[in-house]
Amino acid sequence: MNVKTAFFLAFNSIKRGNKGTLLMTILIMTLAYVNLVFVSSIFGGIVEAINQQAIDYQYANIVIEPSPDDRYIDNKAMGMIKSIPGVVGSSAHYIDKSVIEYDAFNDGKDIKRGQWALKSINPIDEKNVTKIHDAIIEGSYLEERDTNKILIGKEVSGGHGGNLEYLSLGVSVGDKINVTFANGIRRLYEVKGIFSTKSTAMDQTVFITEKEMESVLKVRNQASEILVKTQVVGGEDWYIEEIRSLGFKKEDIKKWSELMGFTSGASSSFDMISIILGVIGTVVAGITIFIIIFVSVVNKRKQIGILKAIGMTRGTIVLHFVIQALFYGLVGIIIGAATILFIIRPYFLSNPLDFPVGWVSLKVTFDVIKTSNLSLMAAALIGGFFPAYRGAKESILTSLWG
């Protein structure tokens, strides 16, 4: 096999070939590559949006809950938790089951009611841990002194494009609602704000201040859960060990990824769909190369016969077509990568898609690029080899008379 001769033949085939066919082939390979990267990246962006929503609004990075034998956690150690390097903040919540009622006309008729999760927050601490304060779509966020105000999700209030309108109260900011706590205490609150997080579970939650909840539950410096926010996602196991060392020995401590439940399964499904579509895209690219090289081999049967008659080996002939196929793949990768990195990705970063799970952009990672590069080159190699091998194995007379 003469590699130098194979490169020479491939170069001349490309140089002297039909320019329109060359450009069309490169365009097809570019689109195939863009499709491989785009599909993987958009599904990666969806998974990232789902995970980020959970971290930003529901779990932070770490959740500390009481042991099975205890009802509450002593939150006096929160100051020490905040002192751990890399911890941005921590926030303690009381959680109570509540029945919420709304009597629009105060006449005892047509009362709307429902049961939703009621949590307490320290508004200042919460701002360092979750982004509920950034999700206000009507009214305003709670303040520490608010003892007769309540913050509710859009699935509780109704309107604002909610998914559970038939279960909602139909209230707006300024309306008064009655809340009956699990211990039987009943209080009247004014709706101060309505929030939307794009998470149906979170948008079915209502918040009051920590001081107000403690006055209802007759407790102090306790918590049903403590959320811990870290600077970066990842390394939660180390933080959990550090928290344990502060005295949280019996408590149930979990990282956000362990609490995803159904959402985790959805993320895995998106990953699987991305792989399946990637395989389909690679097969299509391979078939495209196969057809192009097959047509080239058919059109050059006599030339192949002459080359074999003058002593050129079968391996050199096959290699020349394979090099040609790899050239198409390589140029497609270069142009496709430039298109993704400098045109499509910046566009989606500036204009993310508004999905039900959050704002979705392309998550173009090194692994996605590497996998797409290898996939397209493998498709080009396989797609170029088989038709070339088939044409090169014909006898000289068959090729000359074909």
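Every number here is computed from the coordinates shown, using simple stated rules; none is lab data. Computed from a predicted structure; not experimentally measured. Cβ coordinates were reconstructed from backbone atoms using ideal geometry, including for glycine residues, and neighbour counts include every protein chain displayed.
Phi angles of segment 60-77 translate, via the Karplus equation with coefficients 6.51, -1.76, 1.60 and θ = phi - 60°, into HN-Hα couplings of 6, 9, 9, 10, 10, 10, x, 5, x, 8, 10, 8, 10, 10, 6, 8, 5, 7 Hz per residue; Gly and Pro are given as x.
Working note: Karplus 6.51/-1.76/1.60 with θ = phi - 60° gives segment 335-348 the couplings 5, x, 5, 5, 5, 5, 6, 10, 10, 5, 4, x, 5, 6 Hz, where Gly and Pro are set to x. Residues in segment 125-132 carry Karplus couplings, in order, of 4, 5, 5, 7, 10, 10, 10, 4 Hz; the curve used is 6.51 cos²θ - 1.76 cosθ + 1.60 with θ = phi - 60°, and Gly or Pro positions show x. Of interest is the spacing of the C-alpha centroids, which for segment 274-327 and segment 358-388 amounts to 19 Å. Grouping the Cα pair distances of segment 77-123 into 10 Å bins from zero gives a pair-distance distribution of 22, 27, 22, 15, 11, 2 percent in increasing distance order. Which GluC sites (Glu not before Pro) from segment 95-169 combine a DSSP loop assignment with at most 16 other Cβ atoms within 10 Å? In loop regions of segment 95-169 (DSSP not H, G, I, E or B), the sparsely surrounded GluC sites (Glu not before Pro) are Glu143, Glu144. In the structure shown, the pairs Lys229/Lys363; Lys198/Lys254; Lys76/Lys97; Lys131/Lys218; Lys192/Lys250; Lys112/Lys229 are assessed against 30 Å; a Cα-Cα span above that value is assigned to Lys192/Lys250; Lys112/Lys229.
Ignoring lysines fewer than eight residues from Lys393 along the same chain, the ones with Cα atoms less than 18 angstrom from its Cα are Lys300, Lys302, Lys308. Calculate log10 I(q)/I(0) of segment 60-258 for q = 0.11, 0.12 Å⁻¹, where I(q) comes from the Debye formula with a single equal point scatterer on each Cα and nothing for solvent. These q points yield log10 I(q)/I(0) values of -0.52, -0.61. For the chain, the residue among Asn106, Leu142, Val63 whose Cα projects farthest onto the positive side of the dipole built from Cβ charges is Val63.
Neighbours of Leu22 by Cβ distance under 11 Å: Lys/Arg scored +1, Asp/Glu scored -1, total +3.
Of the chymotrypsin sites (Phe, Trp or Tyr not before Pro) found in segment 83-118, those that fall in a DSSP loop while having at most 12 other beta-carbon atoms within 10 Å are Phe105.
Counted by Cβ distance under 15 Å from Met260, the other residues give a net charge of -3, where Lys and Arg count +1 and Asp and Glu count -1. Extents of segment 144-190, taken as max minus min of Cα coordinates on every principal axis and listed largest first, are 30, 23, 16 Å. A straight chain from Ser245 to Thr5 at 0.36 nm per residue would run longer than the Cα-Cα distance by 79.5 nm. If the Kirkwood radius is taken over C-alpha pairs of the chain, then at 20 °C and 1.002 mPa s the Stokes-Einstein diffusion coefficient equals 83 µm²/s. For the chain, take the longest principal axis of its alpha carbons; what is the angle in degrees between that and the long axis of helix 236-245, to the nearest 10 within 0 to 90? Long axis of 236-245 versus the principal axis of the chain: about 30 degrees. Using equal-weight Cα scatterers in the Debye expression, the normalised intensity of segment 35-106 in log10 at q = 0.21 Å⁻¹ is -1.02. The long axis of helix 262-299 is offset from the longest Cα principal axis of the chain by roughly 10 degrees. Look at where the Cα atoms of segment 174-244 and of segment 4-48 average out, and the two centres are 53 Å apart.
Close amide-amide hydrogen proximity is noted between Ala223 and Ile73, Asn75, each under 5 Å apart and 5 or more residues distant or on a separate chain (H modeled in the peptide plane; Pro and chain starts excluded). For Gly89, the residues 5 or more places off, or on other chains, whose built amide H falls under 5 Å of its own are Lys229. Principal-axis analysis of the Cα atoms of the chain puts helix 19-53 at an angle of about 20° to the longest axis. A simple count of charges around Val37, restricted to other residues whose Cβ falls under 14 Å of its Cβ and scoring Lys, Arg +1 and Asp, Glu -1, yields +2.
Over the chain, Cα pairs under 8 Å with separation of 6+ residues give a relative contact order of 28 percent. Take 220-229, 233-242, 32-41 and order them by the average number of nearby Cβ atoms within 10 Å per residue, most first; the result is 32-41, 220-229, 233-242.
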